[in-house]
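Report on the following structure.
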Amino acid sequence: PSWLDLRAVYGATEIESVHVARRARRRRHSLHRLRRLACSLGFLSCRVIPSDSCGRPDAARNDAQMYLRAILVAAFAHSLQTPPTAPRAVDRRALVAGGGAAAAAAAIAAAKQTRRGYINLTGFPFPLGPFVARKTVRSEIVPGRIWGFEQEQSLGGFGVAANARMVVVKLASGLWVHNPVAPTRELLDSLSELGAPVEHVVLGSTQYEHKVFAGPFARNFPKAKVHVAPDQWAFPLDLPPQTLGIFPSKDDGVLTDGRFFDDEFDVRVLRPDKRLGGGYAACEAAFVHRPTKTLILTDALIKVPKTPPPVLAGPALEALGRPDNYLVDVAARVNWRGQGAELRDATRRPAPADLAKTGWKRDALLSLFFGPSPESLANPDAAFDALAERWVVPPVCAGLVYDNGVVRPALARWVEAVAALDFKRAATSHFATGACSPRDWRDAYVAAGVVPPSRGGGKGVSPLDTPDGRLISDIAGTLKKVGVLAA
């Protein structure tokens with residue numbers, strides 16, 4: 001690989017260190033060794049990865065080659081505990097003079113990639129990708145007051161992804177940040193453009209995928225107060241949040257019901273009396289920003305958009321949209337739900353006109369149900385259309401977290417408490433934001449069987465009650481039999 005390519009990969013290692021000055025000399029020597037090591041890997045990989053008929057590396061295989069390089073470079077850099085490095089300024093005129101427009105474009109792309117670098121190789125039961133770099137997309141939810149910062153959250157190696165959203169509210173005193181995402185240089189620069197200091201960092205849930213970035217993000221803002229949902233837990237060792245780099249403020253670090261944050265937020269906390277098996281604490285805080293009437297949640301509510309979030313747009317969705325994509329092929333080979341033959345026939349169908357659109361439908365169903373029905377895998381249109389553009393309780397939460405004797409009583413009280421607040425839109429950590437009333441919120445939980453219908457109202461249909469929810473229901477039944485979930 002060229003030195004420019006190597007810089008892009010090496011810059012993707014956002015490894016934090018407080019000993020910058022002490023290790024500066026060691027880093028220079030380590031970087032030289034790193035270049036030699038990566039070049040050796042590139043030399044070897046070029047001989048084992050085939051090319052096309054014109055001698056050019058196949059695109060998919062080239063991606064695999066770069067992935068192998070990045071993993072090795074990341075692991076080596078992690079062992080050296082190298083501090084993050086800011087991208088060097090790119091002199092476009094000098095590059096054009098020295099190597100032409102192509103060199104300039106490559107340098108700019110490398111610097112951009114460096115700004116997105118962040119290593120995360122952890123997660124249970126599946127590692128949460130992307131592993132070495134994360135793109136950030138900023139959107140405005142309420143003009144001048146509330147923004148969303150989205151990154152991709154994927155199941156490593158499975159080709160299934162969802163958007164993870166950090167919600168930022170501008171208060172009179174500064175910025176209020178809910179569920180931080182990976183603190184890449186790109187994200188931090190975009191956040192600084194809002195022109196206010198970060199005053200509060202809020203972890204609104206106990207879920208790993210939101211907790212993992214709270215500590216690294218907060219360390220970039222040492223003056224900010226940190227607030228967390230109660231009963232934070234860890235697996236397999238139930239360690240306190242401080243051991244994971246999360247330091248709640250001493251006076252108001254654990255969230256409770258009430259009006260807080262300069263009296264701009266009403267807060268209602270879901271906190272069951274007991275924990276589930278394995279120490280799992282099903283806690284989540286709901287926030288209503290009173291000036292804008294915005295409900296801010298983590299996982300308790302979702303609305304799947306008809307079009308994919310911009311942060312997910314790309315070749316991965318197009319690959320998932322192909323009828324012969326590998327997930328459908330695997331389902332056919334294992335004879336999923338006894339319909340392997342039908343799935344094999346589906347892989348031979350003509351490709352749809354809009355691969356990305358079909359890929360998004362299949363991706364949404366896979367991320368929500370884990371294993372949707374064979375019919376939905378082969379043709380996701382009907383199942384997706386029945387789910388899209390309406391507020392629902394996520395099937396995983398409804399089936400694996402809420403539907404048990406420990407959580408259900410506290411959840412019913414929480415749903416009614418949130419429904420009593422005044423809001424007109426919702427900004428959640430996944431999928432879409434948009435108009436949402438207290439009735440929309442309550443109706444979603446009526447459909448899930450958590451609270452009774454309002455007078456004259458119907459129950460509706462929960463996504464978990466469809467054929468796509470069968471796998472989650474089966475998993476929940478097994479967990480109840482072994483005592484992880486209470487009946």
Reported set for the stretch 183-222 where residues are within 16 Å of the chain's Cα centre (by Cα), among the hydroxyl-bearing types (S, T, Y) and not in a strand (DSSP E or B) is T184, T206, Y208
Can you give me the number of residues within the stretch 358-392 that are open to solvent by 10 Å² or more (accessible area, probe 1.4 Å) and within 10 Å of G321 (Cβ to Cβ)?
2
Among the residues of the stretch 232-261, which ones are in contact with a strand residue (DSSP E or B) (Cβ under 9 Å, 6 or more places away or on another chain), of a type outside the set (F, W, Y) and outside any strand (DSSP E or B)?
Q232, P241, I246, P248, S249, D251, D252, G253, L255, T256, D257
When you scan the stretch 449-466, do you find a residue that is at pLDDT below 95, open to solvent by 50 Å² or more (accessible area, probe 1.4 Å) and polar (S, T, N, Q), even just one?
yes
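Name the single residue, out of those in the stretch 413-448 being of a type in the set (A, V, I, L, M, F, W, C) and in a loop (DSSP other than H, G, I, E, B), that is modelled with the lowest pLDDT.
By that ranking, first place goes to A448.
Here is a yes/no grid of residues against (1) within 14 Å of the chain's Cα centre (by Cα); (2) at pLDDT 95 or above; (3) among the charged types (D, E, K, R); (4) open to solvent by 60 Å² or more (accessible area, probe 1.4 Å):
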site	(1), (2), (3), (4)
A161	yes, no, no, no
V181	yes, yes, no, no
A224	no, yes, no, no
T256	no, yes, no, yes
Is it the case that some residue within the stretch 262-275 is touching a Leu at 6+ places or on another chain (Cβ under 8 Å) and of a type in the set (F, W, Y)?
no
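Taking the criterion of being closer than 22 Å to V288 by Cβ, open to solvent by 20 Å² or more (accessible area, probe 1.4 Å) and modelled with pLDDT of 95 or more, would at least one residue in the stretch 171-179 satisfy it? Spell out how you get there, then give the answer.
Our first condition is that a residue be closer than 22 Å to V288 by Cβ; within the stretch 171-179, this holds for 171-179.
From what is left, the residues that are open to solvent by 20 Å² or more (accessible area, probe 1.4 Å) are 172-173.
Remaining after also requiring modelled with pLDDT of 95 or more: none.
So far as the stretch 171-179 goes, no, none of its residues is closer than 22 Å to V288 by Cβ, open to solvent by 20 Å² or more (accessible area, probe 1.4 Å) and modelled with pLDDT of 95 or more.
Residue-by-condition table, conditions (1) in contact (Cβ under 8 Å) with a residue 24 or more places away in the chain; (2) closer than 27 Å to A383 by Cα:
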| residue | (1), (2) |
| --- | --- |
| R413 | no, no |
| A426 | yes, yes |
| R439 | no, yes |
| R442 | yes, yes |
| V446 | no, yes |
| P453 | no, yes |
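I'd like to know if the stretch 347-357 contains one or more residues that are in contact (Cβ under 8 Å) with a residue 12 or more places away in the chain and open to solvent by less than 10 Å² (accessible area, probe 1.4 Å). Break it down into steps so the answer makes sense when it comes.
Our first condition is that a residue be in contact (Cβ under 8 Å) with a residue 12 or more places away in the chain; within the stretch 347-357, this holds for 347-352, 354-357.
Filter once more, keeping what is open to solvent by less than 10 Å² (accessible area, probe 1.4 Å): none.
No, the stretch 347-357 contains no residue that is in contact (Cβ under 8 Å) with a residue 12 or more places away in the chain and open to solvent by less than 10 Å² (accessible area, probe 1.4 Å).
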For residues in the stretch 133-159 being modelled with pLDDT under 90 and either in a loop (DSSP other than H, G, I, E, B) or charged (D, E, K, R) (or both), which is surrounded by the fewest Cβ atoms within 10 Å (Cβ to Cβ)?
G157
If K250 satisfies every condition in (1) modelled with pLDDT under 95; (2) farther than 22 Å from A214 by Cα; (3) loosely packed, with under 15 Cβ neighbours inside 10 Å; (4) not hydroxyl-bearing (S, T, Y) but one, which is the exception?
(2)
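The values are calculated or read from the model by the stated rules, or taken from the named source; none is laboratory data. Treat the numbers as computed from the prediction; the structure is a model and nothing was measured. Reconstructed Cβ throughout: ideal geometry from the backbone, glycine too, with neighbour counts over all protein chains shown. Surface areas here come from the heavy atoms of the whole protein model, side chains and all, with no ligands, DNA or RNA. Shrake-Rupley method; radii C 1.70, N 1.55, O 1.52, S 1.80 Å.
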